[in-house]
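The values are calculated or read from the model by the stated rules, or taken from the named source; none is laboratory data. Here the structure is a predicted model, which is why all the values come from computation and not from measurement. All Cβ positions, even for glycine, are placed from backbone atoms using ideal geometry, and neighbour counts span all protein chains on display. Surface accessibility is based on the protein's heavy atoms, side chains included, excluding ligands, DNA and RNA. Shrake-Rupley method; radii C 1.70, N 1.55, O 1.52, S 1.80 Å.
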Amino acid sequence: MPRFDNQTVLVTGGTGGQGSSHVRAFHAEGANVVIGSLDAHRGAALAGELGARARFTRLDVTDESSWSAAVSATESAFGGLDVLVNNAGVQNPPATIEHTDLATWSRILDLNLTGTFLGVKVAAPALRRAGGGAIVNIASTMALGGTAHYAPYVAGKWAVRGLTRTAALELGRDRIRVNTIHPGVISTPFIHEPAAGATAAIAEFYSPEPFAVPRLGEPAEVTRLLLFLASSEASFVTGSEYVIDGGLLLGPALQAA
């Protein structure tokens with residue numbers, strides 16, 4: 001039996017490189033999927049491709065009323081909500097802290113941190129009504145160390161770690177588990193295309209060659225971990241952090257002479 005038969009999953013940023021991978025995999029495992037995104041064209045196309053068990057809902061993760069409408073639409077379409085994947089996120093154009101303007105700082109934190117906070121806040125009652133479920137917040141290996149020139153992104157993703165642990169404590173007795181995934185450098189447009197306001201993509205100055213697994217990760221590799229954490233197989237896992245980075249955080253691998 002597919003792992004998510006008769007369950008409903010809402011994925012934010014569901015039209016992106018990782019998000020669409022997550023959506024397709026949950027659907028293949030029997031779930032009803034709701035694709036949350038501001039990209040109506042790509043969202044509707046993906047829902048149409050998947051068919052009757054898929055819906056697109058316009059979702060601005062920085063807007064609480066947009067969240068409420070998305071969760072309400074999910075419950076109306078499929079009768080409940082069992083899994084929330086807080087996947088939406090954006091990168092800041094690289095700049096030192098001294099040269100990062102306040103508008104950029106605020107925009108990145110609004111999308112990456114406040115958007116995740118609002119997702120937990122608004123989805124928790126729906127998950128409770130369904131009898132419990134799972135929230136998985138997609139963070140980053142940048143949440144586990146400093147990265148020069150990316151202060152807004154790093155700060156937001158670090159904060160998602162604390163938010164996740166607090167939510168796990170508050171929601172555990174309601175049978176709602178909350179965990180975090182920290183992807184390393186994954187081969188998606190997020191890596192291969194410049195962030196808004198940037199002139200170069202991360203892939204242009206990053207090489208995985210020195211690391212234990214000398215390649216970029218693939219979206220499906222993150223998705224497989226996500227499916228585990230969202231499923232009943234992880235019923236005793238909450239407040240935990242999972243790194244999937246090919247050994248990036250270990251540092252360079254020494255080569256034999």
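The set of residues from region 21-34 being free of Cβ contacts under 8 Å to residues at least 60 places away in the same chain, open to solvent by 10 Å² or more (accessible area, probe 1.4 Å) and aliphatic (A, V, I, L, M) comprises just one member, 28. Considering region 87-107, and only residues there that are at pLDDT below 95 and polar (S, T, N, Q), the residue that is nearest to residue 59 (Cα to Cα) turns out to be 91. The residues of region 50-64 that are hydroxyl-bearing (Ser, Thr, Tyr) and in a loop (DSSP other than H, G, I, E, B) amount to a single one, 62. Only a single item in (1) of a type in the set (S, T, N, Q); (2) open to solvent by 30 Å² or more (accessible area, probe 1.4 Å); (3) over 20 Å from residue 218 (Cβ atoms) is not met by residue 18, and it is number (3). Just one of (1) over 18 Å from the mean Cα position of the chain (by Cα); (2) surrounded by fewer than 22 Cβ atoms within 10 Å (Cβ to Cβ) fails for residue 90. It is (1). Here the condition is being open to solvent by 60 Å² or more (accessible area, probe 1.4 Å), assigned to a helix (DSSP H, G or I) and closer than 26 Å to residue 131 by Cβ; of 76, 68, it holds for 76 alone. Within region 154-182, the set of residues being more than 14 Å from the chain's Cα centre (by Cα), surrounded by 18 or more Cβ atoms within 10 Å (Cβ to Cβ) and of a type in the set (Lys, Arg) comprises 177 only.
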